[in-house]
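Below: the structure, in structure tokens.
The values are calculated or read from the model by the stated rules, or taken from the named source; none is laboratory data. Source: prediction; values computed, not measured. Reconstructed Cβ throughout: ideal geometry from the backbone, glycine too, with neighbour counts over all protein chains shown. These accessible areas exclude ligands, DNA and RNA; they are computed on the full protein's heavy atoms, side chains included. Shrake-Rupley method; radii C 1.70, N 1.55, O 1.52, S 1.80 Å.
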Amino acid sequence: MARGEKAPHPESAAVTTSVWDGTAECIGLKEIGRDLSDLLPDGTRECERCGLPMMPVAESDGSVTLECANRHRHTVPLPSDPEARERVRTWIRRRGAQLHVQHERWEAEEEERNAMEKKQPRLIRPSDRHQQTGQTAGMIREEAVNTGGLWVGVVRTEAGRSSSWHHHGTHESVIYVITGQVHLECGPGGTTKFHARPGDCLYLPPGEIHREGNDGLDESEIVVVRSGSGELVVNVAGPAA
């Protein structure tokens, strides 16, 4: 010891020895684990950018991704300790369950929003109609309104064509003829026949198997209104006997 230097206090020397000797370092690594050095004991860590807790959100290829409430992300190795891995995976499963509930709520809110929008007053122009609805060979349906309980559309049939046999499930239908000559076959064996002209209406009860045709020289156009629920169009092989 150099002249003038003071001898270290006994207690200070003991502290220094306990912190820096090899035994203490080994104990520290054993308790923490090299793969756990970036995670807290509960499987989380503090976000370096905002200080908020980061929770495990995904596991992939031996790594775990953590995320805080501000959507900051950090990836660390998946802990080798089985208990630590299970804590991490518990966080991920919990987040998955929460997301599932959240998505179900979002879907329900979206459905409610769409249902409310459908029941708001609005103007539907010809360009707003679409053909993404049940179709039957021999005719073209264009949907204008579909609220879930009410369907309104325009149907066109070429001259000399007839549709295939079909029915409309639980819906009851009213057909209004705008242009053309429309004949409708229904009833047992399709033996009941109606011939409608512009301005005429036809009524069809739920489940009535029928087909519509155009026996004129020009394309026919009709407006159809249906009330009910479930499948709008059910195509079948033929009429009921």
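Under a 5 Å amide H cut-off, with hydrogens placed 1.01 Å from N, Val64 pairs with Val76, Leu78 among residues at least 5 apart or on other chains.
Summarising the amide proton neighbourhood of Ser163: residues at separation of 5 or more, or on other chains, whose placed amide H is nearer than 5 Å comprise Glu212, Gly213.
Excluding ligands, DNA and RNA, what is the solvent-accessible area per residue of the range 104-241 at a probe of 1.4 Å, expressed in Å²?
Using a 1.4 Å probe on heavy atoms only, each residue of the range 104-241 averages 57 Å².
Heavy-atom accessible surface of Arg156, to the nearest 10 Å², is about 50 Å², with a 1.4 Å probe and all protein chains retained. Along the range 197-211 the Karplus relation, 6.51 cos²θ - 1.76 cosθ + 1.60 evaluated at θ = phi - 60°, assigns HN-Hα couplings of 10, x, x, 7, 10, 10, 10, 10, x, x, x, 6, 6, 7, 8 Hz to successive residues, with x for each Gly and Pro. Phi angles of the range 58-72 translate, via the Karplus equation with coefficients 6.51, -1.76, 1.60 and θ = phi - 60°, into HN-Hα couplings of 7, 10, 7, 6, x, 10, 10, 9, 10, 9, 9, 5, 8, 6, 6 Hz per residue; Gly and Pro are given as x.
Take 182-195, 214-227, 116-129 and order them by the average number of nearby Cβ atoms within 10 Å per residue, most first; the result is 214-227, 182-195, 116-129. Measuring r between the beta carbons of Thr133 and His195 and using R0 = 45 Å, the FRET efficiency lands at 0.95.
Pairwise Cα separations in the range 95-241 fall into 10 Å bins from 0 onward with the following percentages, short to long: 11, 36, 29, 13, 7, 3, 0.
Nonpolar atom fraction for the range 151-211, defined as the carbon and sulfur part of the 1.4 Å probe accessible area, stands at 55 percent.
Distant-in-sequence amide contacts of Glu219, defined by a placed amide H-H separation under 5 Å and a gap of 5 or more residues or a different chain, comprise Ala159.
Within the assembled protein chains, the solvent-accessible surface assigned to Trp106 is about 130 Å², based on a 1.4 Å probe.
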